[in-house]
Amino acid sequence: MKTIKRITAILLLTLIALATVGCGAKELTKDTAKELVADVIENVQFQQALTESPEAMLGSLYDIPERVKVESYSAGYPADRFALFCAEDSAKIPEIKTMLEAKVQELIDTYSSYDTTQVGKLENAIIETRGNYVIFIVT
């Protein structure tokens with residue numbers, strides 16, 4: 001049953017991403033990025049409802065590079081989360097991706113010690129780039 005839910009979630013995320021950015025060739029814009037956030041929050045099934053992370057907490061959640069804005073949502077305890085990073089300069093994209101990969105590994109290490117049911121989600125985390133945006137989803 002967990003496998004079916006996981007496959008369904010991955011398919012839904014893929015469909016949302018493709019529908020939002022066309023056939024994957026278009027870059028996100030400020031408007032389509034807002035649509036993506038709304039679509040993910042409304043249509044993706046997370047283990048627990050996500051809430052927006054307060055701006056004051058973003059620095060403790062992610063090691064955000066300079067000149068990068070982030071909109072972040074999390075579920076608190078479960079590993080489920082969604083974040084959209086917007087860089088002023090495309091040269092920041094590799095830095096954001098590296099930071100997110102390190103964050104995923106940090107979370108895997110943490111959850112491995114007390115709730116291994118969350119590790120599979122983290123191992124299948126989505127980190128996608130569209131123009132100056134990086135999409136990060138764990139579910």
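The values are calculated or read from the model by the stated rules, or taken from the named source; none is laboratory data. Values in this document were obtained by computation on a predicted structure and should not be read as measured data. Cβ sites come from the backbone with ideal geometry, for glycine too, and all protein chains shown count toward neighbours. Just so you know, the surface numbers come from the protein's heavy atoms only, side chains and all, with ligands and any DNA or RNA stripped out. Shrake-Rupley method; radii C 1.70, N 1.55, O 1.52, S 1.80 Å.
Please work out the Kirkwood hydrodynamic radius for segment 30-114, using every pair of different C-alpha atoms, and report it in angstroms with one decimal place. So the Kirkwood estimate lands at 13.9 Å. Each residue, residue 102 and residue 49, gets one label point 7 Å from its Cα in the Cβ direction; the gap between the two is 3.5 nm.
Listed values for segment 105-111 are Karplus-derived 3J(HN,Hα) couplings in whole Hz (6.51 cos²θ - 1.76 cosθ + 1.60, θ = phi - 60°), namely 5, 4, 5, 4, 4, 5, 5, and x replaces Gly and Pro. Between amide H atoms placed 1.01 Å from N, distances below 5 Å from residue 130 occur with 135, all of them 5 or more places distant or on a separate chain. Solvent-accessible area of residue 128, all protein chains in place: 80 Å² (probe radius 1.4 Å, heavy atoms, ligands and nucleic acids excluded). For residue 53, nonlocal amide neighbours, meaning residues 5 or more places apart or on other chains whose placed amide H falls under 5 Å from its own, are 72, 73, 74. 3J(HN,Hα) along segment 58-67: 4, x, 7, 8, 9, 8, 6, x, 4, 6 Hz, from the Karplus curve 6.51 cos²θ - 1.76 cosθ + 1.60 with θ = phi - 60°, whole Hz, x for Gly and Pro.
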